[in-house]
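Below is one structure, written out as structure tokens, with a few remarks after it.
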Amino acid sequence: MISSILEDNSINEQLIQNFVDDLCPMGADYSDLYFQYSISESWILEDGIVKGGSYNISNGVGTRTVSGEKTGFAYSDEISISEIAKAVKFARQIVNSNQRNNSLSLNKNLKGNFYSEHDPLKSISAVEKVSLLKKIDIYARREKYVKQVNASLTGSYSDVLIASSDDVFQSDKRPMVRLNISLILEKNGRVEHSSYGGGGRFSYKIFTDDALVNSYVDEAIRLGKVALDSVPAPAGVMPVILGPGWPGVLLHEAIGHGLEGDFNRKKTSVFSNLMNQQVASPKCTIVDNGTLKDRRGSLNIDDEGTATQSTTLIENGILKGYMFDKLNARLMGVSSTGNARRESYAHIPMPRMTNTYMQAGEDKVSDMISSIDNGIYALNFDGGQVDITSGKFVFSANEAYMIQNGKIASPIKGATLIGQGHEALKKISMVGDDLALDNGIGVCGKDGQSVPVGVGQPSLKIDALTVGGTEV
């Protein structure tokens with residue numbers, strides 16, 4: 001189905017064709033138009049009362065002309081013939097030519113079908129949304145240590161239309177929802193914070209399942225109680241086990257960004273010029289896959305109209321691929337992998353991850369634990385920092401345990417993992433059979449743009465990693 005953007009703004013396909021032709025004068029390599037209409041909402045509960053909410057509508061068009069490494073870009077917050085014409089005129093100024101390329105035909109290319117095209121904001125009523133949040137508050141307060149409950153329900157729906165000089169004419173309707181629970185717990189005067197939630201490209205109806213929502217609350221409570229009983233973390237170099245699922249955020253940050261095409265074209269990544277070389281343990285196979293059903297990082301098409309795909313980045317420890325948009329792919333003599341992403345019509349697309357994860361191995365997590373005399377078992381992470389050029393990372397674990405004499409011991413607080421992504425990859429000696437993806441909460445930032453992503457991994461044993469602790 002072609003986007004309703006055209007009909008709603010009295011624009012037809014011939015006008016789009018003319019704008020694309022005008023954008024791509026002689027001497028230009030590529031041009032595109034990116035139309036977007038988006039609605040979003042949020043509902044926020046604090047202490048049993050829905051105290052905040054918002055509803056936003058935005059629409060506009062971005063115009064781009066590319067010549068070599070140069071990009072001319074302009075956007076308009078108004079979708080009208082006159083405003084598009086102004087943006088087109090500005091964007092094409094990087095190419096000093098008044099002559100058009102030969103006129104191209106816009107083709108409606110095939111795309112994936114990895115999520116529903118229905119508006120999730122309309123899937124349940126406002127009364128049901130408020131009731132959902134209030135039930136979370138009531139259920140969480142059954143736990144005696146819970147002193148404060150906050151929850152948020154957010155949703156968005158975007159209708160995009162992409163037309164480009166390489167014959168792309170494609171639309172996509174993109175739903176997204178997320179539910180988050182945040183708790184403050186107190187025990188014997190000690191106060192800790194915990195949170196949990198989930199989401200993806202589906203409707204709010206999934207959250208009308210009380211069992212699912214209660215499981216989110218139960219997990220937030222469990223994490224809070226673990227924190228209440230934790231002791232200061234030790235420091236030093238030691239073996240570390242990373243749990244399955246969300247700990248893949250370390251993989252995303254410390255390794256994934258270094259495999260994006262722009263960093264490698266500019267040779268600013270630690271992985272530059274290492275294609276087909278051993279960069280990780282032979283047990284490691286890492287993929288970026290934008291085609292997973294209903295996942296937060298999935299897309300039917302990327303933001304240049306290219307079909308998303310599963311791209312093998314590292315196979316049995318050998319570097320096999322990078323993630324590309326059209327610009328960087330063309331400059332490196334390869335094809336786009338469907339990884340062009342942009343925050344909105346007001347931003348330039350760049351190569352970004354979708355759902356990035358390490359594939360399962362054959363090891364048992366119980367065997368990993370029993371193989372360690374003194375180490376750390378990290379199951380969940382807060383934020384971290386990464387230097388793309390060097391691969392150096394610092395990540396804080398918000399759920400971690402000591403391993404002593406081959407057994408899980410006390411929970412610890414304040415454990416920070418420090419290392420270099422490519423060096424840590426080489427020190428992976430065991431890969432679990434328990435691959436899991438995150439619960440649908442990932443947001444990735446790059447060059448000031450934020451996009452939703454997915455991460456994942458099985459349990460991993462890294463033989464030696466620096467742990468920064470708080471133990472005195």
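Since every read-out is calculated from the coordinates, none of them should be taken as a lab result. All values derive from a computational prediction rather than experimental measurement. Note: ideal-geometry Cβ built from the backbone for every residue, glycine included; neighbour counts use all protein chains shown.
Of note:
- Cα-based helix-to-principal-axis angle, 210-228 vs the chain, degrees rounded to 10: 50 degrees
- Cα-centre dipole for the stretch 232-468 with unit charges at Cβ (Lys and Arg positive, Asp and Glu negative), debye to 20: 380 debye
- Across the options GLY333, PRO452, ILE79, the greatest Cα extent toward the positive end of the charge dipole of the chain (unit charges at beta carbon of Lys, Arg, Asp, Glu) belongs to PRO452.
- If the chain linking ASP367 and LYS135 were pulled fully straight, counting 0.36 nm for each residue of separation and taking away their Cα-Cα distance, it would gain 79.5 nm.
- Total charge dipole magnitude, the stretch 395-470, about the Cα centre, Cβ charges on Lys, Arg, Asp, Glu only, Debye to nearest 20: 200 debye
- Between 0 and 90 degrees, the angle of helix 13-23 with respect to the longest Cα principal axis of the chain falls at about 90 degrees.
- Between SER125 and ASN316, the distance separating the two model label sites (each 7 Å from Cα on the Cα→Cβ line) works out to 6.0 nm.
- Selection among PHE324, ILE412, ILE428 by position relative to the dipole of the chain gives ILE412 as farthest towards the positive end (Cβ unit charges, Cα centre).
- In plain terms, the chain from LYS86 to SER40 could stretch by 13.8 nm, reckoned as 0.36 nm per residue minus the Cα-Cα distance.
- Relative to the dominant Cα principal axis of the chain, helix 81-91 is inclined by about 80°.
- Ascending count of other beta-carbon atoms within 10 Å, so fewest first, for HIS118, HIS422: HIS118, HIS422
- Each Lys and Arg contributes +1 and each Asp and Glu -1, all at the Cβ; summed about the Cα centre of the stretch 231-301, the dipole is approximately 100 debye.
- From its DSSP helices (H runs of at least four residues, each -39,500 (n - 2.57)), the chain gives a residue-normalised ellipticity at 222 nm of -5000 deg cm²/dmol.
- Dipole of the chain [Lys/Arg +1, Asp/Glu -1 at C-beta], most positive-end residue of ASN150, VAL66, SER4: ASN150
- Relative contact order (percent, whole number), the stretch 5-228, Cα cutoff 8 Å, 6+ residue spacing: 22 percent
- If the segment from SER450 to ASP434 were pulled out straight at 0.36 nm per residue, it would be longer than the present Cα-Cα gap by 2.8 nm.
- Remark: relative contact order (the chain) = 16 percent; criterion is Cα-Cα distance under 8 angstrom and separation of 6 or more residues.
- Sequence of SER371, SER54 once ranked by neighbouring C-beta atoms within 10 Å, starting from the fewest: SER54, SER371
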